[in-house]
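Written out below as structure tokens is the structure these notes cover.
The values are calculated or read from the model by the stated rules, or taken from the named source; none is laboratory data. Keep in mind that what you see is a predicted model, and the values were worked out from it rather than measured. All Cβ positions, even for glycine, are placed from backbone atoms using ideal geometry, and neighbour counts span all protein chains on display.
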Amino acid sequence: DVEVTIFFIDIRAFGKGFEELYSRSREEGVLFIRGRPGQIKEKTITNNLIVNVENINTGTILSEEFELVVLSIGVEGSSESIPFPIAKDSNGFYIEAHPKLRPVDTPTDGIFIAGGAESPKDIRETVTQASAAAGRCRNLLSKEEFHVEPLYAFVDTDKCTSCGTCVSRCPYGAISVDIEKKTPARIIPVLCKGCGTCAADCPTNAITMTNFTDTMILRQIDIALRENASEKVLIFACNWCSYAGADLAGTSRIQ
């Protein structure tokens, strides 16, 4: 028989069936003590571990001996990289294409994520997301043709100086240029996701986005402000981050 003791600060049984699991654990003899261990020492004779902890509920200092101590630490994304251009967040987890509409897709078409690759998850949520990713793969493989969104960058060869700035900026590896031969930059539409990073950083303004030319944007502004302009707030938001945040704030009714 194994005697299990769990030291905790707070327990939140938020998921479906989690409260039942917590209750069953206590019924089967798992001891829950509220308190954060302050020190762990090794016992010389037995090589067991001595855990010193304050029981917050009783205010007493406990010194418990265990054969095995498992620490619960924060989960970080894998430092290993895959040979595909997929962006990661600040914690090292891969970023989904859209948290609500495309939760298992990545900005790179044909590549999907699930489980701990996207964020820390329990087994139930991981299996659910993995099933969704498998379904997306099945739908993709069942088609004879693959269509992509008509939103990508294009290069004005007359303005391009073949400096290579766009190649280093593109997060999707969708641009190639021969700096030595001074050939204009070439954009692969299938890989390009229309993020606009290359267009923003191009020193000669040689890159433009399809459906987002200066003329089109200025025309949209004129139409939007044609009536009651003083009563409107016009926002330019990035499709990949701030627009999704604004959309989420709207659905959450945040004011």
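Identify the residue in the range 132-146 that is without any contact (Cβ under 8 Å) to a residue 24 or more places away in the chain and loosely packed, with under 12 Cβ neighbours inside 10 Å and, among all such residues, is nearest to Phe212 (Cα to Cα). Filtering the range 132-146 for residues that are without any contact (Cβ under 8 Å) to a residue 24 or more places away in the chain and loosely packed, with under 12 Cβ neighbours inside 10 Å, the one nearest to Phe212 (Cα to Cα) comes out as Glu145. Taking helices (runs of 4 or more DSSP H) as the structural unit, no element lying wholly within the range 147-247 holds at least 1 residues that are out of contact with any Pro (no Cβ under 8 Å at 6 or more places or on another chain), crowded, with 16+ Cβ neighbours inside 10 Å and assigned by TED's automatic domain parsing to the domain that holds Thr106. Taking the numbered list (1) over 18 Å from Tyr94 (Cα atoms); (2) among the polar types (S, T, N, Q); (3) part of a helix (DSSP H, G or I) in turn, Thr128 passes all entries but (1).
Each residue in the range 10-35 was checked for being exposed (fewer than 13 other Cβ atoms within 10 Å of the Cβ), farther than 22 Å from Ile123 by Cα and in contact with a strand residue (DSSP E or B) (Cβ under 7 Å, 6 or more places away or on another chain), and 1 of them qualify.
For the range 205-225, the condition holds for at least one residue, the condition being that it is over 25 Å from Pro103 (Cα atoms) and aromatic (Phe, Trp, Tyr).
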